[in-house]
Every structure is written in structure tokens, then in C-alpha cells.
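Single-structure report; data block below.
The values are calculated or read from the model by the stated rules, or taken from the named source; none is laboratory data. Just so we're clear, the structure is a prediction, and the values are computed from it rather than from any experiment. Neighbour counts run over all protein chains shown; Cβ positions are idealised from the backbone, glycine included. Just so you know, the surface numbers come from the protein's heavy atoms only, side chains and all, with ligands and any DNA or RNA stripped out. Shrake-Rupley method; radii C 1.70, N 1.55, O 1.52, S 1.80 Å.
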Amino acid sequence: MPPLPSLLNGAKQCQVMTKRTKLRCKNLAAYGCKACRMHGAHKSKNVLRGANHPQYRNGEETLEAKAERSEKSVMFRYLTDLGNHCNMFYKKLKTRGRPPSGYTQLDLTDPEQLALAILKTLPSK
Ligand SMILES: [Zn+2]
């Protein structure tokens, strides 16, 4: 099939190699894009980010802040375990909720795992 007439007039062609035929797509590229509408044409500046995105929740917490809070809650969980192991508190402290991701229950009677738990309570920076 010959290329479309507007391709001969200098319009951009879609740069995608098709999976099915292994040939280059013969459609016109969408305006300002490298690919045609069939192959995911979008301008990255048109992708809505942050407060403009329709699925934006509240903006109370950035991803970095969320990761830091998760890291700190793991650290706090290990500190609680260590305190319970040393009978530091007047009674065993109970933690509520599911354990944070990145936390694994360690057997603190084993010296190796005790050392690992102590290492996890140290700040990473
Ligand atoms: Zn295409």
C-alpha cells in the first residue's frame, strides 16, 4: 500500500514498528507526537500531574514523605520488639494493626537476629 499523500508532503509518520507485521506503521503521527493514535500518541506535557490529575487524592503527603513514614514505622516496630525483649516496659507493649511492609518478625533470642533488629532501628542516613 502506498503511503498517504500527506506523508509525501512532509507530514510526520508514526515511528512505531508494529508487532503483527514487524513493519513500520504507515499512519500519520498525531500532532506533536511520535506515534499515531493507534500507538499511544500523547504529549508528555499533556499528562496531568499533581493537583490537576483527576485521581489526585489530597496532597497531604508526598511519596517521599509516605516512604519515610513507612520506614520510621518499621523502625518503631523493631524498637518496640527490642524493648519488650529487654523487659524495658512495665508490661509487654502491644502494637496495633497489621505490621508495616518491610517488617519481619525476628526471634530475638537468636543473637544474629537480635543484632539485625538493632541494626534496623538505626537511622539509614
Ligand atoms: Zn502507528
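Worth pointing out:
- Hits in segment 18-27 - residues which are within 18 Å of residue 6 (Cα to Cα) and open to solvent by 60 Å² or more (accessible area, probe 1.4 Å): 24, 26, 27
- Qualifying residues in segment 38-56 (those that are open to solvent by 90 Å² or more (accessible area, probe 1.4 Å) and not in a loop (DSSP other than H, G, I, E, B)) - the one farthest from the ligand (Cβ to nearest atom): 52
- In segment 24-37, of all residues being out of contact with any Cys (no Cβ under 7 Å at 6 or more places or on another chain) and within 11 Å of the ligand (Cβ to nearest atom), the one that is modelled with the lowest pLDDT corresponds to 33.
- Beta carbons closer than 9 Å, at least 6 apart along the sequence or on distinct chains, pair a first residue in segment 84-111 that is under 18 Å from residue 72 (Cβ atoms) with a second that is among the β-branched types (Val, Ile, Thr) for 93/80; 95/80; 99/74; 100/74; 101/74; 102/74; 103/74.
- Single residue of segment 1-17 satisfying the filter (away from the ligand (no atom under 16 Å from the Cβ) and open to solvent by 80 Å² or more (accessible area, probe 1.4 Å)) that is modelled with the lowest pLDDT: 2
- When residues in segment 57-111 are screened for being in a loop (DSSP other than H, G, I, E, B) and among the hydroxyl-bearing types (Ser, Thr, Tyr), 7 of them pass.
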